[in-house]
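See structure below.
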Amino acid sequence: MASYDFSNDVLFEIFSRADLKTMQKCRVLSKECKDLTYESTFMRLHSQRISTMVGYLLQCSKNFGYSWRHRLSSNFVSIANSGLEPKLTPKFLSFLPEPVQIAATVNEGLVLCSTRLHGENRFYICKPSTQQWELIPAPNPRFYRSKISMLVLGSNPLRFKIVGLSDSIDDKHSESDSESDLGSEYPDKEVNHRVVSDENFWHCEIFDSKSWEWKQSEDLKLTYRDFFRKRQGVSACGGLHWLIFNREQDKDIVLSFDGNKEEWTMASLPNSLRRKEYWDQIALVSCEGNLGLVNINFKTKMVDVWVLNYEHIWIRKHTMNLIKERYLTLFHSFYGADTLVMKDMWSVYFYNFKTQKFDRVTADNQDIDAAYFIQTDFESVQLKPE
């Protein structure tokens, strides 16, 4: 069989004309193919040629003195448009039957939303690019789900799972007194946590789209010294991942949920990051389809990016220097292979660390509470099995 040695320019042209699912399959051909398709220039051209949606879904709010149902809005921001500046699309989830709050997303373009009506929580699963949605059966009302995340296990047919964790059996508790969380992305701010015993059991519920119902799983057993960092769980490599800080041992560990086996495991950080004095801010991210770890050292102004490979070994992928020091505290996630995303209360920043170019987007005088990356097509999907 003949073999062909295509240059990157030829591959760039071929892949940028492939539909989204085909392009994503091409990433397994080689490391070079994978790296190419995560470049921001490729993502922009591919989105324009194939008409895909790639960017960030923003959960925004504006305080008018009314209830949260009247304040929340969802906007979409993209830098993969035909213009030179980022584009903001307002009222992105207005096709849903009622105002909602974003609970979780997956890169494939599915969004889990929640709302509260007459004291009961309601959940919607939707694909905004096609404006499809389904109402999900209500989970056990006795539990307040202080952690909820989602992952996709298959695309043909579509299968996804939602994982909800609760450390309280009273759904009337507010978020601040029911979460065993660090109060923010920074280690010096914490919320109070009620110590009942040395063990802390988290009630776990799983929704499987295949059966279209919730089921109770085995409780997740942690200790009262373990605190979830405030960030959302990261969906990568067929699992969900959270960063947990153990106060007694003064270290972080990675808590992972296997979507197929429905099992929990824990993993250590890279050796150089296991001692607290070596870092100032640390976060889990999705990095080119893998589980990534970002370490920001405020003393050196350096940012290290690590990736967990298929042998479960941490590999340092990037080391960079953020020129503008004030942006160090704002790190949010990766957009492609060469662009960092920062977020503060009012703006989202795209920083290409190869060209050192900054793009800033505001949300029309609204506060930006959260940002979620999605990349999806405009093809209809069957959200609920027949």
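Here are the numbers for this structure:
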item: Exposure rank, largest accessible area first [Glu205, Glu13, Glu120; 1.4 Å]; result: Glu120, Glu13, Glu205
item: Efficiency of FRET from Cβ geometry, Asp219 and Lys25, R₀ 41 Å, rounded to 0.05; result: 0.60
item: Pairs from Lys21/Lys230; Lys31/Lys354; Lys62/Lys91 whose Cα-Cα separation, in the structure shown, is over 22 Å; result: Lys21/Lys230
item: Exposure of Ile315 as accessible area (Å², to 10), given a probe of 1.4 Å and all protein chains; result: 80
item: Listed residues Thr37, Thr265, Thr89 arranged by accessible area, highest first, probe 1.4 Å; result: Thr265, Thr89, Thr37
item: Spatially proximal lysines relative to Lys357 (Cα-Cα < 21 Å; intrachain offsets below 8 disregarded); result: Lys87, Lys301, Lys317, Lys324, Lys343
item: Residue order for Glu213, Glu288, Glu134, Glu262 - accessible surface, 1.4 angstrom probe, largest first; result: Glu213, Glu134, Glu262, Glu288
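The values are calculated or read from the model by the stated rules, or taken from the named source; none is laboratory data. Because the structure is predicted, anything quoted here is derived from the model rather than measured. Please note: Cβ atoms are built from the backbone with ideal geometry, for glycine as well, and neighbour counts cover all protein chains shown. Note: accessible area is taken over every heavy atom of the protein model, side chains too, but ligands, DNA and RNA are not part of it. Shrake-Rupley method; radii C 1.70, N 1.55, O 1.52, S 1.80 Å.
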